[in-house]
Amino acid sequence: MDDLTRRDVLKLGAAVTVAASIGVPEALAQPAAKTFFTPAEFTLVDELSELIIPADEHSPGARAAKVAAYIDTRLAEAWDPANQKVWRDGLALVDTLSRNANGKPFMQASPDERIAVLTRMSQHEDKPTAPEEVFFGELKSRVVHAYYTSEIGIKQDLEYKGNTYLAEFVGIDVSK
């Protein structure tokens, strides 16, 4: 490495760029993102997310923002297995609530039955005590964070335009 000149480093960078452009991407490819959820759990999280932040005439919903994939990746990277257990247990609880209320798993329930289960879980959102209420708080928090940090959430829903120049700051007069 001591013998490498600046010119050698530039040549190496150019060679890597050419190799990538002519079809040697597998050598440069990043490993696939880890996943935590099973396919059934992923589908359930995707549906729950869309129910919490649905698509409307103003902006796409959580599904379009890939909220479930974001949550899945974060949980796959979690250091504390307790975080993962909360989600495994919470998703199982959603299915149990649906079975008790509707006689079928959440994903087999009708849209109205799904909303009823979610409504039941969110009853005491301000002071959750039951396990399903506590999980709803975790679920909603992660969904909202994932959505509003996505490009869809920031640019389409919140209509953030980026930093813009202000000729004058129109703030609050605190002296009044």
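Take the stretch 149-170 and flag every residue that is open to solvent by 70 Å² or more (accessible area, probe 1.4 Å) and farther than 22 Å from A62 by Cβ.
First pass over the stretch 149-170, keeping only residues open to solvent by 70 Å² or more (accessible area, probe 1.4 Å): 149, 151, 155-156, 158-161, 163-170.
Once the filter is applied, which keeps residues that are open to solvent by 70 Å² or more (accessible area, probe 1.4 Å) and farther than 22 Å from A62 by Cβ, the stretch 149-170 yields K161, N163, T164, Y165, L166, A167, E168, F169, V170.
From the list M107, M121, the lone residue that is within 19 Å of E47 (Cβ to Cβ), over 19 Å from the mean Cα position of the chain (by Cα) and in contact (Cβ under 8 Å) with a residue 40 or more places away in the chain is M107. Yes or no: T43 touching a helix residue (DSSP H, G or I) at 6+ places or on another chain (Cβ under 8 Å), polar (S, T, N, Q) and closer than 20 Å to F135 by Cβ? Considered against the rule, which asks whether it is touching a helix residue (DSSP H, G or I) at 6+ places or on another chain (Cβ under 8 Å), polar (S, T, N, Q) and closer than 20 Å to F135 by Cβ, T43 comes out as yes. For A40, the criteria (1) at pLDDT 55 or above; (2) open to solvent by 70 Å² or more (accessible area, probe 1.4 Å); (3) more than 20 Å from A109 (Cα to Cα); (4) outside any loop (DSSP other than H, G, I, E, B) hold in every case but one, which is (3).
Scanning the stretch 42-91 for residues that are among the aromatic types (F, W, Y) and either in contact with a Pro (Cβ under 7 Å, 6 or more places away or on another chain) or more than 15 Å from L139 (Cβ to Cβ) (or both) turns up just one, W79.
Within the stretch 66-93, the residues that satisfy the criterion of being open to solvent by less than 60 Å² (accessible area, probe 1.4 Å), over 18 Å from S122 (Cα atoms) and not in a loop (DSSP other than H, G, I, E, B) are V67, A68, A69, I71, D72, T73, L75, A76, A82, Q84. Given the criteria within 19 Å of the chain's Cα centre (by Cα) and free of Cβ contacts under 8 Å to residues at least 24 places away in the same chain, does S141 qualify? Yes, satisfied.
Any residue in the stretch 91-98 that is under 19 Å from the mean Cα position of the chain (by Cα) and free of Cβ contacts under 8 Å to residues at least 24 places away in the same chain?
So far as the stretch 91-98 goes, no, none of its residues is under 19 Å from the mean Cα position of the chain (by Cα) and free of Cβ contacts under 8 Å to residues at least 24 places away in the same chain.
Just to be sure before I move on: is V134 over 16 Å from the mean Cα position of the chain (by Cα) and at pLDDT 95 or above in the structure I sent? Answer is yes for this residue.
The values are calculated or read from the model by the stated rules, or taken from the named source; none is laboratory data. Since the model is a prediction, treat every value here as computed from it, not as a measurement. Backbone-built Cβ (ideal geometry, glycine too); neighbour counts: all protein chains shown. These accessible areas exclude ligands, DNA and RNA; they are computed on the full protein's heavy atoms, side chains included. Shrake-Rupley method; radii C 1.70, N 1.55, O 1.52, S 1.80 Å.
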